[in-house]
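What follows is a set of notes on a single structure, which appears directly below.
The values are calculated or read from the model by the stated rules, or taken from the named source; none is laboratory data. Not measured: the values here are computed from a predicted model. Note that we place each Cβ from the backbone using ideal geometry, even for glycine, and neighbour counts take in every protein chain shown.
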Amino acid sequence: MKIIVLGSAAGGGYPQWNCNCRNCAGLRRGTLRSSPRTQSSIAISANGSDWLLVNASPDILTQIRATPALQPARAARDSGIAAVLLMDAQVDHVTGLMMLREGRRIPLYCSAPVWQDLQGGFPLAKVLAHYCGVDWRELAVADGERCSFAVPQLEGIRFTAVALDSKAPPYSPHRGQPEAGDNIGLLVHDQITGKKLFYAPGLGAIAPHTAAAMREADCLLVDGTFWSEDEMIALGFSGKPAAAMGHLPQSGPGGMMDVLDGLPASRKILVHINNTNPILDEDSPQHAALRGRGIELAHDGMEILL
């Protein structure tokens, strides 16, 4: 099984177009040892030719151009993207569907709450019906339970969706009434090698069933959005702490570093990194603290073999 990190940043990318925080300004000036990143998405393949796109970010066209494997050129019009899976209905994870409108009908795997949002609050599915069209494949997740499924073009790989504690997007009709499936984690099992990946770019709290799925994984690719709970408040960019935005920060008691310390995975990688997070500065003490605990930072183009 091969995984390519197409985009490793949180919404807005890095540097964010309108942000002059220390990270964004330093990256533009060339005074910060860091690398630009596009918005969060990964691709998974069993054979290196047919890929499951997991989240379709607004940067998808840039990501496809940077990833030759996604354009195998087997025909005059072709794509290596065999299907799309959505972890949630957040704007930075679904807008890229519009960029795929010139292709074939899109087999789209997502939960019922996400599908409802794509029909109503952010009706991309209705718009796409006038272009390529979408075939919805429901991920029937429930609180504390798992939904196991296969993607036909990815032979030998089994997927398991796990409901996460989260909120629907601001435009969702049920924003104030969270439902199982608003956000999922994904356990990916290569049945030939026996290896497993757990992917969760948005992880605000870790319920027992989520922790159990994480303990199964050989590789963890999880939420690296914020370093501290008050990161956006301290910078004057938001009045909300990390938890209110659905993200578990790396630092502090019970933070992501502590969580990852207690898990057996051989690789522990942070993804969906916000432009304000000091870990993006490769000379920062925060970056060194992660490295000292064996935690990696995802970057665009990162390849993982399991």
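With the checklist (1) in a helix (DSSP H, G or I); (2) within 24 Å of Ala112 (Cα to Cα) in hand, flag the one item Phe198 doesn't pass. The failed condition is (1). Tallying residues that are touching a residue at least 40 places away in the same chain (Cβ under 8 Å), surrounded by 15 or more Cβ atoms within 10 Å (Cβ to Cβ) and on the phi < 0 side of the Ramachandran plot within region 257-289 yields 19.
Does Ala83 satisfy being buried (at least 19 other Cβ atoms within 10 Å of the Cβ) and either hydroxyl-bearing (Ser, Thr, Tyr) or in contact with a strand residue (DSSP E or B) (Cβ under 8 Å, 6 or more places away or on another chain) (or both)? Yes: the conditions hold for Ala83. The lone criterion from (1) in a loop (DSSP other than H, G, I, E, B); (2) closer than 23 Å to Val141 by Cβ left unmet by Ser228 is number (2). Within region 6-33, the set of residues being surrounded by fewer than 23 Cβ atoms within 10 Å (Cβ to Cβ), farther than 24 Å from Leu100 by Cα and not aliphatic (A, V, I, L, M) comprises Pro15, Asn18, Cys19, Asn20, Cys21, Arg22, Gly26, Arg28, Arg29, Gly30, Thr31, Arg33. Here Thr193 clears all of (1) within 26 Å of Arg105 (Cβ to Cβ); (2) at pLDDT 95 or above; (3) in a loop (DSSP other than H, G, I, E, B); (4) among the hydroxyl-bearing types (Ser, Thr, Tyr) except the condition numbered (1).
Residues are listed down the side, and each one gets a yes or a no for (1) modelled with pLDDT of 95 or more; (2) crowded, with 24+ Cβ neighbours inside 10 Å:
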{"position": "Ile42", "(1), (2)": "yes, yes"}
{"position": "Ile60", "(1), (2)": "yes, yes"}
{"position": "Asp78", "(1), (2)": "no, no"}
{"position": "Pro107", "(1), (2)": "yes, no"}
{"position": "Ser111", "(1), (2)": "yes, yes"}
{"position": "Gln116", "(1), (2)": "yes, no"}
{"position": "Ala125", "(1), (2)": "yes, no"}
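Of the residues making up region 233-255, those that are touching a Phe, Trp or Tyr at 6+ places or on another chain (Cβ under 9 Å) and in a helix (DSSP H, G or I) number 1. Scanning region 267-292 for residues that are in a helix (DSSP H, G or I) and not hydrophobic (A, V, I, L, M, F, W, C) turns up Pro278, Pro285, Gln286, His287, Arg291, Gly292. Answer yes or no as to whether Asp223 is charged (D, E, K, R), touching a Ser or Thr at 6+ places or on another chain (Cβ under 6 Å) and buried (at least 22 other Cβ atoms within 10 Å of the Cβ). Criteria not met by Asp223. Just one of (1) part of a loop (DSSP other than H, G, I, E, B); (2) at pLDDT 95 or above; (3) under 19 Å from the mean Cα position of the chain (by Cα) fails for Ala180. It is (2).
For region 239-256, a tally of residues being touching a helix residue (DSSP H, G or I) at 6+ places or on another chain (Cβ under 7 Å) and surrounded by fewer than 22 Cβ atoms within 10 Å (Cβ to Cβ) returns 4.
Checked against the criterion of being over 24 Å from Gly224 (Cα atoms) and either in contact with a Pro (Cβ under 8 Å, 6 or more places away or on another chain) or of a type in the set (Gly, Ala, Ser) (or both), the candidates Gly13, Gly26, Gly30, Gly48 yield just one match: Gly48. Residues that are outside any loop (DSSP other than H, G, I, E, B) and at pLDDT below 95 within region 127-153 comprise Arg146, Cys147, listed in sequence order.
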